[in-house]
Amino acid sequence: MMHYDFVFSGFGGQGVLFGSQLLAYAAMEAGLHVTWIPSYGPEMRGGTANCTVVISDEEIGAPLVRHPSAVVALNYPSVEKYEPQVAPGGLLLYNASLVLRPPTRVGIHCVPIPASDVAAELGNAKLLNMVMLGALLQITGVLPIGTVEQSLEAHLPARRRDMLEANKLALRRGAELAQEPLVAA
Amino acid sequence: MAKQLMKGNEAIAEAAIRAGVEAYFGYPITPQTELLEYMSKRMPELGRVFLQAESEVAAINMVYGAACAGRRVMTSSSSPGISLMQEGLSYIAASNVPAVIVDVMRGGPGLGNIAPSQSDYFQMVKMAGHGDYKPIVLAPATVQEAVDLTVLAFDLAEQYRTIVTVLLDGMLGQMMEPVELPAMRALPATPPAWAITGAAGRAKNVVVPFRLQADELEALNFDLQRKIADIARREVRFKEYFIDGANADKVHGDRAELIVVAFGAAGRVALSAVKAARQQGIRVGLHRPITLSPFPDERLSQLADEARGFLVVEMNAGQMLEDVKLSVGGQAPVRFHGRMGGQVPMPDDIAQEIEKLDGMTSRPIDHKIEGPVVLRAAVGPARKPETGRN
Amino acid sequence: MIPVEPFTEQVVFQRPRAMSATPTTYCPGCMHGVAHRLVAEAIDELGIRERAILVAPVGCSVFAYNYFEIDGVVAAHGRAPAVATGLKRTQPDKIVFTYQGDGDLASIGIAEILHAAGRGENLTVIFVNNAVYGMTGGQMAPTTLPGMKTTSSPLGRDTRTMGHPMKMCELLSQLDGAAFIARRSLHSPAEIRRAKKAIVEAFKTQMEGRGFSMVELLASCPTNWDMKPVDALKWIETHMVPIYPLGDYKTRVES
Ligand SMILES: Cc1ncc(C[n+]2csc(CCOP(=O)(O)OP(=O)(O)O)c2C)c(N)n1
Ligand code: SF4
Ligand SMILES: [Mg+2]
């Protein structure tokens, strides 16, 4: 049985919604069961947004999880919030460009990705969500990058079409950065 | 047709459109507003009626008007808005006109909050307004089910000339899942013969939600009750996991000894818990009512013949719990796990409750001799009695 | 031989086709019956009986559907404009009108009437103002006159604590969606004729798609006013008309 539960968290405008939705689209298009659920209401105050994506090859029960198997944290408040929540042995992937105090929890994999810096190098700060998603795909192997690229082609909003290749590149850069083997802290 | 990834609220709106809804009236309230917004765009595109009413009171009465006109009509709201609709719902019921109501529940009481909740079970199932009647209440647990049940809602509403409610919580309204949408249906060519369309070339039609004489009003009530009984006989729906025969897995034999009962979002969370508990070797299954009204009481009573115990899980203080207890009729202990105020129960908490139930009922207590043992877990920390006042 | 004029019978008075033969249950001297008849005559004259739809209120005229030979719905107290909106929006070719009392329209249903007018809902409203809640036994309405005794203002309406009369024509005529707003009275044959004309005009407004139309009719409730019918009519003239001046409050020709 295959079952993943991911949390994406960051400031509004960092592309949390689109990055996580893209993963959900790709899972759907790969024929898997998937749920995507945003936090809504008062939780969104203060400008942080988070979404939970569950991907499984079976009917999905709970779409929310207390201890996600992986968290993609785009800013420091997200690291603070989710570091204690990641499932033991799970993954905390964080945007090292913005998180100056790295997580220290023992028993989970904490992986820094300088996503904002890489996005800036690629010419657009908004690409950071794709860099992080690329890294997540690489580390977890949940879906091949090619599948996500296809979904990107199908679901990138029309007004962003000119950014298609840049988005793909960001995905691949993220994957490259995450290629080093992992050791639990 | 290819699957689409859709939010529950929008999927319901699109499903209603494809089921041929001709008019939508509503008032903004979180967490159902996407439904109204979706309608505001799509209905005029299709030349159908969309109107943002001045209140839920007005919205439900507009629904009543359009329903009297024999048109497929719906509204959607969330808990406080449904409270305001109660009078109108009762008029619709008394008039035997079809209408579909979507309630995306939020935390209560009062203004409560906009977080997911199942606090409207009583409000929708027991009495969606004054007088003796029951709407059909459908409780989806997935976005696909929300789509399918919305289409069914229109069919049942017209077949029985009744109110059908699609009852979900904010979580399902906000979440995205892959769905297969139904094909677009043609709109009905002509309104039904009873509709209020102008007395052209026929005797006048009237819709009258009252009877002054007691005998006449009792007759109206008998007709309603016959309809409700008919619906109860024919329309009960539920889904079971790991309970017996076909849907039990190979590992643990074919009969669940413990039954978790939960609907909607709580039902799907409970599914995760049930799976986890089965990993621990506990023979537990899930019964998820899809029609909350009519309630699957016969099935639960049948399960109670052999089950060691029941666990009801809800996002409220124990509303469906009462119906489960009635169905079980004291044949087995019934425990409860509920969260309120917009808290969503988590699978590990439910799994713990399953373990407790397992431990408790595997001791050889003979509840059939001792009389019904109906336990109810405390749903919060016990409060110290206040002193000096009462 | 003196030529004999051939005798011809001329019908000078008959039941309008839009009115049913059912005797009404209104009290003697009640003006609801007169108002019904005017509406039915207007429907006949305009030839719209087969596409007219009545939305009856909760109030003494809850029975109005019995007295018209047209399709009808009974709405909840105050909600007739919303029900009418549902009927009209789904069948714009029909002529939909509400018939409402003053408690129904100006109190519990104030939101629905204001918004129907504000939206310019293409409906007609026949508003029967008898200054009390007739059906429930003559309690104070928002339209009750200052100082007027009712069963819930036994010492008379004290405007300091019970507020002032709500003047619906004045209020509604402020709204851009309102196309035709007029107040008439039923206290004399001449006024009744004027009322009829206004009702015809209101229906025409709807038929031409010009928007919201309403005719307020000052009417008596002898039972709850505790007056003889004739005195009650006199009282309309002497007491109500000064507070609720008759006339056209809005006449918008274009749609
Ligand atoms: C929700 C609701 N509240 C109260 C009532 C009781 N009620 C019935 S008729 C009425 C007043 C009717 O007065 P009006 O509209 O002036 O009509 P009239 O009888 O004077 O013609 C009231 C308060 C009701 N039926 N429904
Ligand atoms: S109570 Fe008044 S309004 Fe009602 S029927 Fe009698 S006279 Fe007419
Ligand atoms: Mg009155």
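The values are calculated or read from the model by the stated rules, or taken from the named source; none is laboratory data. These numbers were taken from a predicted model, which means no experiment stands behind them. Here the Cβ positions follow ideal geometry from the backbone for every residue, glycine too, while neighbour counts run over all protein chains shown. Protein only, heavy atoms only, side chains kept; ligands, DNA and RNA dropped before computing areas. Shrake-Rupley method; radii C 1.70, N 1.55, O 1.52, S 1.80 Å.
At a glance:
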item: Equivalent ellipsoid semi-axes, the protein assembly as shown, via Cα gyration tensor eigenvalues times 5, rooted, Å; result: 60, 32, 25
item: Interface B:A - total buried accessible surface [probe 1.4 Å, Å², rounded to 100]; result: 2000
item: For the stretch B:291-304, 3J(HN,Hα) per residue [Karplus equation, 6.51 cos²θ - 1.76 cosθ + 1.60, θ = phi - 60°, Hz, x = Gly/Pro]; result: 8, 7, 9, x, 7, x, 5, 5, 5, 5, 5, 5, 5, 5
item: Buried area at the B-C interface (accessible, heavy atoms, 1.4 Å probe, summed, Å²); result: 2600
item: Cα gyration tensor category, rounded, prolate or oblate, for the stretch A:3-183 with a/c compared to 1.5; result: rounded
item: Within the accessible area of chain C (1.4 Å probe), percent carbon and sulfur; result: 57
item: Sulfur and carbon atoms: percent of accessible area, the stretch A:50-116 [1.4 Å]; result: 59
item: Under-5 Å amide H pairs with B:GLY70, H placed in peptide plane, nonlocal only; result: B:ILE196
item: In order through the stretch B:75-92: 3J(HN,Hα) via Karplus (6.51 cos²θ - 1.76 cosθ + 1.60), integer Hz, x for Gly, Pro; result: 9, 9, 6, 10, 2, x, x, 5, 4, 5, 7, 4, 4, x, 4, 5, 4, 4
item: Between helix B:33-45 and chain B: long-axis angle, C-alpha atoms, 0 to 90°, nearest 10; result: 30
item: Å² per residue, accessible surface of the stretch C:86-168 at 1.4 Å; result: 34
item: Paramagnetic reach from C:ARG15 in the stretch C:48-75 [backbone N under 16 Å; point 7 Å along Cα→Cβ]; result: C:64-71
item: Within the stretch C:1-89, chymotrypsin sites (Phe, Trp or Tyr not before Pro) in DSSP loop having at most 13 other beta-carbon neighbours inside 10 Å; result: C:PHE7, C:PHE13
item: B:MET360, C:MET214, reordered so the largest accessible area comes first (probe 1.4 Å); result: B:MET360, C:MET214
item: Rounded tilt (10° steps) of B:347-362 against the dominant C-alpha axis of chain B; result: 50
item: Simple spin-label estimate for B:ASP349 and B:SER362 in nanometres, 7 Å along Cα-Cβ; result: 2.5
item: At most 14 other Cβ within 10 Å, DSSP loop - GluC sites (Glu not before Pro), the stretch A:94-183; result: none
item: For the stretch C:243-255, 3J(HN,Hα) per residue [Karplus equation, 6.51 cos²θ - 1.76 cosθ + 1.60, θ = phi - 60°, Hz, x = Gly/Pro]; result: 8, 10, x, 7, x, 8, 9, 7, 9, 9, 7, 7, 9
item: Nearest-20 debye value, chain B charge dipole, Cβ charges on Lys, Arg, Asp, Glu; result: 140
item: Out-of-range pairs (alpha-carbon distance over 29 Å; input B:LYS204/B:LYS227; B:LYS41/B:LYS227; B:LYS204/C:LYS204; B:LYS41/C:LYS167; C:LYS88/C:LYS250; B:LYS41/C:LYS88); result: B:LYS41/B:LYS227; B:LYS41/C:LYS167
item: Peptide-level mean, for C:111-117, of C-beta atoms on other protein chains within 10 Å; result: 3
item: Distant-in-sequence amide H partners of C:ILE95 (H built 1.01 Å from N, under 5 Å); result: C:ALA52, C:ILE53
item: Label-to-label distance, nm, for residues given as C:HIS164 and A:GLN150 (7 Å Cα→Cβ offset); result: 7.3
item: Cβ-based charge dipole, the protein assembly as shown, positive-most Cα from B:GLY112, C:MET140, B:GLY341; result: C:MET140
item: Centroid-to-centroid separation of the stretch B:263-314 and the stretch B:4-79 [C-alpha atoms, Å]; result: 33
item: A:LEU164/A:MET1 FRET efficiency (R0 41 Å; Cβ-Cβ; nearest 0.05); result: 0.75
item: Delta accessible area of at least 10 Å² on complex formation, residues of the stretch B:265-289, 1.4 Å probe, chain isolated as reference; result: B:ARG268, B:VAL269, B:LEU271, B:SER272, B:LYS275
item: Buried on assembly, the stretch A:58-77 (at least 40 Å² less accessible surface than by itself, 1.4 Å probe); result: A:GLU59, A:GLY61, A:ALA62, A:PRO63, A:LEU64, A:ARG66
item: Span from the the stretch C:76-92 Cα centroid across to the the stretch C:206-255 one, whole angstrom; result: 22
item: Cα-centre dipole for the stretch B:4-234 with unit charges at Cβ (Lys and Arg positive, Asp and Glu negative), debye to 20; result: 560
item: Amide proton proximity set for C:GLN139, modelled H, under 5 Å, gap of 5+; result: C:TYR133, C:THR151
item: Average beta-carbon neighbours from other chains, 10 Å sphere, peptide C:48-55; result: 5
item: Dipole magnitude of the protein assembly as shown about its Cα centre (Cβ charges: Lys, Arg +1; Asp, Glu -1), debye to nearest 20; result: 1120
item: Exposure rank, largest accessible area first [C:SER152, C:SER20; 1.4 Å]; result: C:SER152, C:SER20
item: Kirkwood hydrodynamic radius of the stretch C:161-244, Cα pairs, Å; result: 14.1
item: Per-q log10 I(q)/I(0), chain C, q = 0.09, 0.10, 0.14 Å⁻¹ (Debye; single scatterer per alpha-carbon; no solvent); result: -0.37, -0.46, -0.87
item: Overall form of chain B per C-alpha gyration tensor (a/c, 1.5; a/b vs b/c); result: prolate
item: Loop-located GluC sites (Glu not before Pro) in the stretch C:195-255 whose Cβ has at most 16 other Cβ within 10 Å (DSSP); result: C:GLU208, C:GLU254
item: Label-to-label distance, nm, for residues given as A:HIS67 and A:GLN85 (7 Å Cα→Cβ offset); result: 1.5
item: Förster radius 35 Å - calculated FRET efficiency between B:ASP244 and A:ASP57, Cβ distance, rounded to 0.05; result: 0.90
item: Computed E for B:ARG299/B:ARG233 - FRET, C-beta separation, R0 22 angstrom, nearest 0.05; result: 0.95
item: Where C:MET166, B:MET320 fall by accessible area, highest first, once all protein chains stay in place (1.4 Å); result: C:MET166, B:MET320
item: Gyration tensor (Cα) of the stretch A:63-119, equivalent ellipsoid semi-axes in angstrom; result: 19, 11, 10
item: Added length on full extension, which subtracts the Cα-Cα distance from 0.36 nm per residue, B:GLU322 to B:LEU212; result: 36.1 nm
item: Chain B - percent of accessible surface contributed by carbon and sulfur, probe 1.4 Å; result: 52
item: Candidate lysines for bridging to A:LYS168, where Cα separation is under 16 Å - those fewer than 8 sequence places away on the same chain excluded; result: A:LYS126
